[in-house]
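Note sheet for the following structure.
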Amino acid sequence: MLDYMQMTGSLRRPALRNALASLVCLIVLTPPAMAEMYKWVDENGNVHYTQERPPPGIKGDTIKPPPPVNSEAAEKQLESRQELLNEASEGRAKNAEEARLAAEDKTFNKENCRRARQSVGAYQIPNALVEQPDGSRKRYTEEERLKGLSEAEGRVKEFCK
């Protein structure tokens with residue numbers, strides 16, 4: 001009678017050899033992953049793209065695979081494009097902020113221009129009663145009126161461009 005150890009040892013070795021031989025055959029006989037592609041047009045005018053040669057009597061073109069990609073160069077190119085995109089985005093945000101500030105300045109200047117012209121009109125009338133910020137009215141002396149008129153005209157020049 002055979003011993004258990006002798007039986008299992010003799011079974012393991014041929015099984016291992018068979019498995020390795022099968023693996024080698026699979027590797028050798030497996031077609032390459034980059035199979036050729038063919039493009040051909042059938043009698044109905046339909047374009048076909050296949051990995052099999054076109055039927056006999058139909059002319060087909062072999063499509064060459066694209067060149068391999070250099071992943072490091074592609075990554076660097078992607079990073080540089082991302083930087084350009086970020087810079088453009090920041091530039092657009094800056095331009096939008098500048099446009100918003102310019103619009104605010106324009107509105108501010110327009111309101112100050114209106115008020116300055118109103119002041120000039122008020123100071124041009126001699127001995128007129130001028131309303132004060134607290135709601136009271138005051139009659140300016142000729143010196144105060146001329147000084148106020150000069151200041152109001154300066155504000156018109158500053159804000160009414």
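Which of the numbered conditions does residue 115 fail, given that it passes all the others? Conditions: (1) in contact with a strand residue (DSSP E or B) (Cβ under 7 Å, 6 or more places away or on another chain); (2) surrounded by 10 or more Cβ atoms within 10 Å (Cβ to Cβ).
(1)
Of all residues in segment 5-21, which are surrounded by 10 or more Cβ atoms within 10 Å (Cβ to Cβ), modelled with pLDDT of 70 or more and either under 30 Å from residue 65 (Cα atoms) or of a type outside the set (A, V, I, L, M) (or both)?
17, 18, listed by residue number.
One residue is enough: does segment 54-71 have a residue meeting the conditions assigned to a loop (DSSP other than H, G, I, E, B) and among the small types (Gly, Ala, Ser)?
Within segment 54-71, the first condition is being assigned to a loop (DSSP other than H, G, I, E, B), and the residues that meet it are 54-59, 64-70.
Checking the rest, the ones that are also among the small types (Gly, Ala, Ser) come to 57.
Taking every residue of segment 54-71 in turn, at least one turns out to be assigned to a loop (DSSP other than H, G, I, E, B) and among the small types (Gly, Ala, Ser).
Checking the conditions here, which among 83, 153, 144, 158 is under 31 Å from the mean Cα position of the chain (by Cα), assigned to a helix (DSSP H, G or I) and either surrounded by 11 or more Cβ atoms within 10 Å (Cβ to Cβ) or modelled with pLDDT of 95 or more (or both)?
Values: 153 fails: under 31 Å from the mean Cα position of the chain (by Cα); 144 fails: under 31 Å from the mean Cα position of the chain (by Cα); 158 fails: under 31 Å from the mean Cα position of the chain (by Cα).
None of the others qualify; the one that does is 83.
The values are calculated or read from the model by the stated rules, or taken from the named source; none is laboratory data. Just so we're clear, the structure is a prediction, and the values are computed from it rather than from any experiment. Because the Cβ atoms are built from the backbone with ideal geometry, glycine has one as well, and the counts that use them run over all protein chains shown.
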